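The values are calculated or read from the model by the stated rules, or taken from the named source; none is laboratory data. Note that the structure is a prediction, hence the values are computed from the model and not measured. When we count neighbours, we look across all protein chains shown, and the Cβ atoms used for this are built from the backbone with ideal geometry, even at glycine. For accessibility, only protein heavy atoms count, side chains too; no ligands or nucleic acids. Shrake-Rupley method; radii C 1.70, N 1.55, O 1.52, S 1.80 Å.
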Amino acid sequence: ASFVIGARGELVRNGASSPSRVEFAPGLAARGALGVGFANARLELEAGLQRYAVSQIEGGPSGAETRSDDVDADLTLLSFGVNALYAPQFGPWRMLLGGGVGYAPVMLDSIAFTDGNTTTRVDDPEIDGVLNVQLISGFEYALNDWVAVGGEYRFATSRNLNISDESGGTLTLQRRAHEFGGRATFSLWSPKRRLPRGSPPETGRRLGPQP
């Protein structure tokens with residue numbers, strides 16, 4: 001699970017001379033991934049859900065700046081993608097550094113903003129899919145051979161989200177977000193062979209004649 005802060009974007013109405021700047025309120029994100037680990041690397045298939053509200057819309061044509069702090073709108077993003085991570089281990093600690101790319105259906109509902117003398121309103125638009133790209137950094141601490149816990153930071157961006165307003169026009173949204181959160185990793189298989197309970201520890205096999 002992650003806490004999304006500092007999410008911003010640009011909302012452009014076709015024909016407008018400049019974009020409106022969009023700021024999102026802090027929100028939550030939840031993800032799950034299934035992957036394979038190598039000596040110092042991981043490859044993951046990931047699915048996630050994000051939801052947060054629009055807190056402010058500011059901007060308009062040049063010389064006609066407008067601002068709206070009372071915005072009732074929500075953004076919901078469902079992402080599917082592939083992550084590649086460099087994951088070197090230092091004792092029980094493991095560093096994570098990498099990125100991911102995928103597909104993200106996005107819905108932006110019930111939003112209104114003013115661009116000069118034109119007020120544009122979007123109410124329950126259709127879901128549109130965009131390319132979602134993210135950079136990932138973090139760490140893990142191994143509690144045992146099977147469980148590790150840690151934290152992470154992600155920078156994510158989604159571009160060219162096209163939605164339709166109530167008049168039939170087209171809006172384009174660009175989104176950028178910073179995320180901080182915790183993570184837990186469960187190993188379904190460990191390369192270390194476990195001995196049956198109560199077995200004596202293994203010792204090196206002797207070579208040559210035995211007494």
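Looking only at the stretch 150-179, filter to residues that are among the small types (Gly, Ala, Ser) and at pLDDT 75 or above; which one of those is nearest to Asn83 (Cα to Cα)? Among them, the one singled out is Ala156. In the stretch 143-157, the residues that are touching a residue at least 12 places away in the same chain (Cβ under 8 Å) reach residues that are outside any strand (DSSP E or B) and open to solvent by 30 Å² or more (accessible area, probe 1.4 Å) with C-beta atoms within less than 7 angstrom, at least six apart or across chains, in these pairs: Asp145/Ser187; Asp145/Lys192; Trp146/Ser187; Val149/Leu143. Residues that are open to solvent by less than 80 Å² (accessible area, probe 1.4 Å) and modelled with pLDDT of 90 or more number at least 1 in the following strands (runs of 3 or more DSSP E) confined to the stretch 1-55: 27-37.
Yes/no per residue for (1) open to solvent by less than 70 Å² (accessible area, probe 1.4 Å); (2) modelled with pLDDT under 90; (3) not aliphatic (A, V, I, L, M):
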position: Thr119; (1), (2), (3): no, yes, yes
position: Phe139; (1), (2), (3): no, no, yes
position: Ala148; (1), (2), (3): yes, no, no
position: Leu188; (1), (2), (3): no, yes, no
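If the condition is being of a type outside the set (A, V, I, L, M), assigned to a strand (DSSP E or B) and within 15 Å of Thr185 (Cα to Cα), then the stretch 87-103 contributes Gln89, Trp93, Arg94. Restricting attention to the stretch 75-93, the residues that are open to solvent by less than 50 Å² (accessible area, probe 1.4 Å) and over 14 Å from Val130 (Cβ atoms) add up to 4.
Only a single criterion out of (1) open to solvent by 40 Å² or more (accessible area, probe 1.4 Å); (2) at pLDDT 90 or above is not satisfied by Asp72, namely (2).
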